[in-house]
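Visitor: What follows is a structure written as structure tokens; I'll ask about it next.
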Amino acid sequence: MDERATTMAAMRAALEQELPAAVELRRRVHAQPELSGAERRTAEAVTDAIGVGEVSVVAETGRLIRIGRPDGPCIAVRAELDALPLIECTGSDDASTNGLMHACGHDVHLAAVAALARAAARVELPVPLLVILQPREEKPPSGAREIVATKILTEHEARAVVGAHVQPLLARHTVAATEGAVNASTDEFEVLITGRGGHGGYPHLTRDPVLALAQVIVALQQVVSRRIDPLHAAVLSIGAVRAGSAANVIPDEAHAHGTLRLLDVADREAVHEEITTIVDRVAAGFGCRGEVRIQDGEPALVNDPVLAAGAHPWLDELGFEIAPSLRSCGADDFSHYGDVARILMMFVGVDQQPGLTEPAILHHPTFRPTDVAVRDVALALLAGYVAALDASIVG
């Protein structure tokens, strides 16, 4: 039996013993969620539950916990601390009552990472495990971006960062570990159309920014349908429109806010230019001035091919079915870790809590995976850790 197989067997056995405590931790975290940037109690609870390792505070409310040798290369695993501003409607005994909710599975991820960390402390690790308890995944400023910027991962010599995210689109016992881009880049943009307002009954004396904005919104749809290779996934959505204050008054300005999501890294700069050109020229056609402000968000999440392929045999050994591939235009700031290390984000199929009639949907007030998800996510992370033991990764 080689070193990786020995490590897998030892950590798997230790992990099974840690699961009851991890499930209890999941329920406590689920009942007391905290918003992005205010996750101090959550970080302390998970750190205390792990109870071992060298602890560092990062990104204000985050934690890094190193288990194993204090120096040399390590392999990191990440879990997210924050919840969403959402009123929970699951009816669970541990349902949140503070107007916030772990509706994206972060409670499961935290418990799974805690179980893996506890298991790692019980065996002789060939390569240290670095736990990242990351703040602010759901809302900027990105916790992952800040952690990378501190260079602390470089100081720890993190060679790989592994994540696993619950995914109700997959059946339980199924895991997707897909190479290449699996989550989209995400940018937000604001469109400002400036015209000349006036009386609604005398439109010929105005330069109507509302009409111009309406045409801009329609024209922007050609960015996806006519400016991007149809084999490249892309989404451009306008989520907010604001103009005027009265039915019979044409305003001076009209605003729109939207999101742009792209899976192909090479499309990003060209699409930004295309949006700017369309807004400027369409607005000009209505006698108005168009401006665009684009706020760069997260880059595309691109899985390392060696890590993704390397995880497959270990996932298979753990009894998972491997999904052929899973890519989405969702976004995750986990992508920033790719700036300093190889990364692997896996998607883990989950079951919805019995008794809930609504379909399982991320960011929905009735999303509540069963506690078995803690085990499945922990095992997937274990497969990722063992895959990262490849000599080409850790040296």
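Visitor: State all residues of the stretch 317-334 that are of a type in the set (Ser, Thr, Tyr) and either within 29 Å of Ala5 (Cα to Cα) or part of a loop (DSSP other than H, G, I, E, B) (or both); if no residue qualifies, say none. Give the derivation first.
Guide: Residues of the stretch 317-334 of a type in the set (Ser, Thr, Tyr): 325, 328.
Passing the criteria: only Ser325.
Visitor: Further, regarding this structure: Pick out the one residue from Ala309, Ala360, Ala323 that is over 26 Å from Arg145 (Cβ atoms), touching a Pro at 6+ places or on another chain (Cβ under 6 Å) and surrounded by fewer than 21 Cβ atoms within 10 Å (Cβ to Cβ).
Guide: Details: Ala309 fails: touching a Pro at 6+ places or on another chain (Cβ under 6 Å); Ala323 fails: touching a Pro at 6+ places or on another chain (Cβ under 6 Å).
Sole residue among the options that is over 26 Å from Arg145 (Cβ atoms), touching a Pro at 6+ places or on another chain (Cβ under 6 Å) and surrounded by fewer than 21 Cβ atoms within 10 Å (Cβ to Cβ): Ala360.
Visitor: Which pairs have Cβ atoms under 9 Å, sit 6 or more apart or on different chains, and link a residue in the stretch 266-281 that is closer than 12 Å to Asp187 by Cβ and among the acidic types (Asp, Glu) to one that is open to solvent by 50 Å² or more (accessible area, probe 1.4 Å) and outside any helix (DSSP H, G or I)?
Guide: Every condition considered, the pairs that remain are Asp267/Asp229; Asp267/His232.
Visitor: Also: Which one is nearest to Ala233 (Cα to Cα), of the residues in the stretch 134-163 that are open to solvent by less than 10 Å² (accessible area, probe 1.4 Å) and touching a Gly at 6+ places or on another chain (Cβ under 7 Å)?
Guide: Val162
Visitor: What single numbered condition from (1) buried (at least 21 other Cβ atoms within 10 Å of the Cβ); (2) in contact with a Lys or Arg (Cβ under 8 Å, 6 or more places away or on another chain) fails to hold for Ser92?
Guide: Failing condition for Ser92: (1).
Visitor: Does the stretch 279-299 include one or more residues that are closer than 30 Å to Ile193 by Cβ, assigned to a loop (DSSP other than H, G, I, E, B) and open to solvent by 50 Å² or more (accessible area, probe 1.4 Å)?
Guide: Yes.
Visitor: When both residues are 6+ apart or on different chains and their Cβ atoms are under 8 Å apart, which pairs have a first residue that lies in the stretch 227-244 and is closer than 20 Å to Thr276 by Cβ, and a second that is polar (S, T, N, Q) and crowded, with 17+ Cβ neighbours inside 10 Å?
Guide: Close Cβ pairs satisfying both conditions: Val235/Thr259; Leu236/Thr259; Ser237/Thr259; Gly239/Thr259.
Visitor: When you look at Val131, is it open to solvent by 30 Å² or more (accessible area, probe 1.4 Å) and outside any loop (DSSP other than H, G, I, E, B), yes or no? Can you show your working first?
Guide: Numbers: open to solvent by 30 Å² or more (accessible area, probe 1.4 Å): no; outside any loop (DSSP other than H, G, I, E, B): yes.
Against the criterion (open to solvent by 30 Å² or more (accessible area, probe 1.4 Å) and outside any loop (DSSP other than H, G, I, E, B)), Val131 does not qualify.
Visitor: Continuing with the same structure: Suppose we filter the stretch 36-83 for residues that are out of contact with any Gly (no Cβ under 8 Å at 6 or more places or on another chain), in contact (Cβ under 8 Å) with a residue 60 or more places away in the chain, surrounded by fewer than 17 Cβ atoms within 10 Å (Cβ to Cβ) and farther than 21 Å from Arg159 by Cβ; how many remain?
Guide: Qualifying residue count, the stretch 36-83: 2.
Visitor: Might you let me know whether the stretch 15-26 holds any residue that is farther than 25 Å from Ala149 by Cβ and either among the hydroxyl-bearing types (Ser, Thr, Tyr) or touching a strand residue (DSSP E or B) at 6+ places or on another chain (Cβ under 8 Å) (or both)? Reasoning before the result, please.
Guide: Looking only at the stretch 15-26, we keep the residues that are farther than 25 Å from Ala149 by Cβ, and these are 15-26.
Then keep just the ones that are either among the hydroxyl-bearing types (Ser, Thr, Tyr) or touching a strand residue (DSSP E or B) at 6+ places or on another chain (Cβ under 8 Å) (or both); that gives none.
Within the stretch 15-26, none of the residues are farther than 25 Å from Ala149 by Cβ and either among the hydroxyl-bearing types (Ser, Thr, Tyr) or touching a strand residue (DSSP E or B) at 6+ places or on another chain (Cβ under 8 Å) (or both).
The values are calculated or read from the model by the stated rules, or taken from the named source; none is laboratory data. Remember, predicted model here, so these are calculated numbers, not experimental data. So basically every Cβ, Gly included, is an ideal-geometry build from the backbone, and we count neighbours across all protein chains shown. All accessible areas refer to the heavy atoms of the entire protein, side chains included, with ligands and DNA or RNA removed. Shrake-Rupley method; radii C 1.70, N 1.55, O 1.52, S 1.80 Å.
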